[in-house]
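Below: the structure, in structure tokens.
The values are calculated or read from the model by the stated rules, or taken from the named source; none is laboratory data. Every value quoted in this text rests on a predicted model; they were computed, and no experiment measured them. FYI the Cβ positions are ideal-geometry reconstructions off the backbone, even for glycines, and counts take in every protein chain you see. We work out accessible area using only protein heavy atoms, side chains counted, and drop any ligands, DNA or RNA first. Shrake-Rupley method; radii C 1.70, N 1.55, O 1.52, S 1.80 Å.
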Amino acid sequence: MTPLEETTHNQRRAANPAQSAFVMANAGSGKTRVLTNRVARLLLADAPPEKILCITFTKAAAAEMAERLFSVLGEWALADDEKLLEALGELEGEAKSKKGPNELIKARRLFARALETPGGLKIQTIHSFCETVLRRFPIEAGAPPGFSVLEDTQAAALKHDALDRVGMDAKTDAEISAAFHRLSLRRNERDLRDLLLGACTQVFDIPAASEALAQELAINPAHNADDVKRAFLAGLSDSDLRRAHDGLAAEGKSPQHTAAIVSEYLNTPDADVKWSLLCSALLISDQSKPRD
């Protein structure tokens, strides 16, 4: 067989409802056509329309599949015997179908039968299907009976409102206020809001994340920020800093300013002051990146 003939043969095999099939292929390769043909063949085999369930990931894909299926059934309803036999033969892999008059009548009636199915053909997104199951068994699922699903705009409004309340709490909670301050040094208002809203929709394993971060930074995960600062400062050599001071002091105005900061660093015993001096000497004003 040629590549095209082989592809067509494989598509017909996958569309055969008597076989269980898993199809994995690129976009535009005919997956929706295979599914449409599979449903059409199920209907031709007298499968009750209300017993057929098709699940997709997106509303657009569900709408496209429903449109294609009803287009096929609609063409069958209006086709003459010759065209209908050719269409059914193409569907089942024959040059021309050998179905009798009664079977052709049944094929033409599938369009009306699908339309008249209570609730319509079940071509749904996975979210819609899960919602249907939850509505049928709310008690078993631990969901409140008669629950409603928020629209995207409603959910976004609730998230923004919750974030605003957290921001207001930051005024009275020193820990939250300090965390917001640290984030604000590295994010503008819109980016910070998007970052926090994204975090609201994800589940984090905080201990695992902390351990992974500590391993990446080569620090003890049991240490806090002050422990890390003290360990860093303890690793600095005063003699090396004095040599750096002497070299900077012999240069121009800007290096002399840095030399003065190094001198102040060497003459203060306070670890917090030392850290602040280092940041002012090595980082730009918002501390987002090193100085050139």
Residue pairs meeting the criteria (Cβ under 9 Å; at least 6 apart or on separate chains; first more than 20 Å from Ala178 (Cβ to Cβ), in segment 204-227; second surrounded by 12 or more Cβ atoms within 10 Å (Cβ to Cβ) and among the polar types (S, T, N, Q)): Pro221/Ser210
Lone qualifier among Ile105, Ile55 - being more than 30 Å from Thr125 (Cβ to Cβ), among the aliphatic types (A, V, I, L, M) and modelled with pLDDT of 90 or more: Ile105
Candidates Ser280, Ser184 - the one that is closer than 25 Å to Asp169 by Cβ, under 47 Å from the mean Cα position of the chain (by Cα) and of a type in the set (Ser, Thr, Tyr): Ser184
Near pairs, Cβ below 6 angstrom, 6+ apart or cross-chain, from segment 179-192 (within 20 Å of Asn224 (Cα to Cα)) to any residue that is among the small types (Gly, Ala, Ser) and open to solvent by less than 60 Å² (accessible area, probe 1.4 Å): Phe180/Ala170
Residue within segment 146-159 that is touching a Cys at 6+ places or on another chain (Cβ under 7 Å) and either open to solvent by less than 90 Å² (accessible area, probe 1.4 Å) or part of a loop (DSSP other than H, G, I, E, B) (or both) present: yes
From Glu86, Glu82, Glu92, Glu64, residue being in contact (Cβ under 8 Å) with a residue 40 or more places away in the chain and of a type in the set (Asp, Glu): Glu92
Residues located in segment 116-160, provided they are in contact (Cβ under 8 Å) with a residue 60 or more places away in the chain and in contact with a Leu (Cβ under 9 Å, 6 or more places away or on another chain): Leu121, Lys122, Ile123, Gln124, Phe129
